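To keep things clear, I will list the structure first and then write my remarks on it.
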Amino acid sequence: MTDEDKFPKVVSSPHYHIWTDALHARALAHQAQNKWDRGTYVRWTITTSWTVLEMACEEALQTNGIGRRFRENLDRAVAQLGLVRIDWGSGTWQKIAELLRIRRELVHINPSQAALFMETNTAETAIMTIRDAIKDIYARAGKIGPPWVEDDYDRGWDKEQGSGAHLTAIHAGADPDSPDVIKIGYVYKDREFISSVCPPDTDPESKLTDLIQSVRVPISRVRAYRGQTLIVDRELPMRGT
């Protein structure tokens with residue numbers, strides 16, 4: 001993933017929300033300074049990403065309750081729809097079967113010391129395997145997979161977040177004191193910043209879209225003013241706010 005992709009993300013669905021939780025847990029596993037914290041974040045990655053898999057399977061197959069007896073219920077749902085059966089003995093679904101074993105040990109059985117202190121590569125494997133399984137189940141159902149499953153980045157503990165300057169760009173033909181000037185702003189950590197001052201004929205919606213796509217910190221709102229009058233005030237479900 002390039003630097004341009006590593007911006008805060010607008011989370012638009014419960015599925016994506018939980019997926020970003022799993023990505024965050026994996027990032028923290030990489031950043032952990034001791035085996036205790038690392039084990040915690042690896043376990044969090046596994047259990048959270050598994051929840052996303054169950055949600056995705058239920059959505060793709062339009063059925064409920066798959067998670068209670070995952071393999072049996074998933075096989076039944078696939079068969080009822082007349083889809084190609086899942087091969088649990090090879091490829092992605094063999095890896096899912098192993099991940100299910102690990103998850104059951106963590107959630108339903110007294111976990112071993114080895115399970116409590118798993119290495120970071122187990123979190124990596126969980127994310128990659130869950131992603132492949134989600135893509136497979138949607139494709140198996142003849143549907144397009146959700147775009148959020150391609151998201152593979154989280155900042156973790158971002159020490160640089162908030163350290164940058166908040167600048168205001170005044171565009172040609174814009175008078176900041178004019179009652180008709182368009183001002184584009186955002187709210188970051190409960191403070192409002194004006195990012196650009198534009199001529200009166202500027203479309204505020206396009207400027208707000210540009211701002212959301214380019215912002216490098218997690219912001220909670222975007223706003224547009226005509227002079228001193230607020231004309232747009234939009235809350236953003238952006239991770240990190």
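Of note:
- Projected onto their three principal axes, the Cα atoms of the chain cover extents of 69, 47, 27 Å, largest first.
- Between the amide H of R221 and those of V187, L236, distances stay under 5 Å, these residues lying 5 or more places away or on another chain, with hydrogens modeled in the peptide plane.
- Residue-count net charge about A141 - beta-carbon cut-off 12 Å; Lys, Arg +1, Asp, Glu -1: 0
- The order of the peptides 219-230, 140-151, 116-127 by mean Cβ neighbours within 10 Å, most packed first, is 116-127, 219-230, 140-151.
- The long axis of helix 204-214 is offset from the longest Cα principal axis of the chain by roughly 50 degrees.
- Cα-Cα over 28 Å, subset of K35/K95; K95/K143; K9/K143; K9/K189; K135/K189: K135/K189
- Solvent accessible area, Å² - D203, 1.4 Å probe, full protein context: 80
- Taking all protein chains together, K95, K207 sort by accessible area into K95, K207, largest first [probe 1.4 Å].
- Helical content of the chain, expressed as a calculated mean residue ellipticity at 222 nm, amounts to -15000 deg cm²/dmol (DSSP H runs of 4 or more residues, -39,500 (n - 2.57) each, divided by residue number, nearest 500).
- C-alpha long axis of helix 120-140 to longest principal axis of the chain, angle in °: 90
- Solvent exposure ordering (accessible area, 1.4 Å, most first) of I182, I231: I231, I182
- By average C-beta atoms within 10 angstrom, highest first, the peptides 49-56, 73-80: 49-56, 73-80
- Against the chain, whose longest principal axis comes from its Cα atoms, helix 91-108 is set at around 90 degrees.
The values are calculated or read from the model by the stated rules, or taken from the named source; none is laboratory data. It should be emphasised that the depicted structure is a prediction, and the values quoted were computed from it without experimental measurement. Glycine gets a Cβ as well: all are built from the backbone with ideal geometry, and neighbour counts include every protein chain shown. Just the protein is used for accessible areas: all its heavy atoms, side chains included, with ligands, DNA and RNA removed. Shrake-Rupley method; radii C 1.70, N 1.55, O 1.52, S 1.80 Å.
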